[in-house]
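> If you scroll down you'll find the structure; I have some questions about it.
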Amino acid sequence: QVQLVESGGGLVQPGGSLRLSCAASGRIFSMNVMEWYRQAPGKQRELVATATSSGTTNYADSVKGRFTISRDNAKNTVYLQMNSLKPEDTAVYYCRFKNILYTREYWGQGTQVTVSS
């Protein structure tokens with residue numbers, strides 16, 4: 001089992017910044033991937049950013065140049081630094097964890113990000 005605890009969401013004005021955190025604990029192996037997804041009302045959940053334990057990162061086109069995903073492997077924590085936020089970034093943001101050699105995936109409880117003036 002892996003437990004995920006997210007934090008850092010909130011209300012921010014357009015153009016502002018927020019940083020999300022997701023701390024993983026439990027059965028964590030050295031080869032793993034941590035990701036951020038988001039789901040806006042009435043829309044499907046979408047992948048925002050990926051960070052592997054080996055250092056590879058990827059981003060959705062909609063957030064490239066504005067969001068940065070990073071990891072502290074010693075703390076089993078992934079961060080999402082979100083800059084130049086737009087109203088369309090409003091969503092519930094979820095952390096996802098997966099040990100690469102296993103099929104089971106784990107999800108955080110979600111944290112609300114609202115971008116509004």
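Laboratory data are not the source of any read-out in this text; all were calculated from the coordinates shown. Just so we're clear, the structure is a prediction, and the values are computed from it rather than from any experiment. We place every Cβ from the backbone using ideal geometry, glycine too, and count neighbours over all the protein chains shown.
> State to the nearest 20 debye the size of the charge dipole of segment 2-80 about its Cα centre, where the only charges are +1 on K and R beta carbons and -1 on D and E beta carbons.
Taking the Cα centre of segment 2-80 as origin, the dipole is about 40 debye.
> Would you work out which of 100, 39, 18 lies farthest towards the positive end of the dipole of the chain, given +1 charges on the beta-carbon of Lys and Arg and -1 on that of Asp and Glu, about the Cα centre?
Final value for the positive-end residue is 100.
> Turning to a different aspect of this structure: Any idea which of 82, 117, 70 is furthest toward the positive side of the dipole for segment 70-117, if Lys and Arg beta-carbons carry +1 and Asp and Glu beta-carbons -1?
70
> Starting from the Cα gyration tensor of segment 1-59, take the square roots of the eigenvalues, sort them a ≥ b ≥ c, and report rounded, prolate or oblate (rounded when a/c is under 1.5, otherwise prolate if a/b is larger than b/c, else oblate).
prolate
> Hey, another quick one. Can you give the local net charge around residue 26? Use residues other than it whose beta-carbon is closer than 14 angstrom to its beta-carbon, Lys and Arg +1, Asp and Glu -1.
Local charge sum for residue 26: +3.
> So for the chain, Kirkwood radius off the Cα pairs, Stokes-Einstein at 20 °C and 1.002 mPa s: how many µm² s⁻¹?
151
> Provide the net charge surrounding residue 89, with neighbours chosen by a C-beta distance below 9 Å and charges set as Lys +1, Arg +1, Asp -1, Glu -1.
+2
> With a cap of 12 neighbouring Cβ atoms within 10 Å, and only residues DSSP puts in a loop, list the chymotrypsin sites (Phe, Trp or Tyr not before Pro) found in segment 56-117.
Those satisfying the criteria are 102.
> Between residue 72 and residue 58, what length comes free when the chain is fully extended (0.36 nm per residue of separation minus the Cα-Cα distance, one decimal in nm)?
Length difference between fully extended and current span is 3.4 nm.
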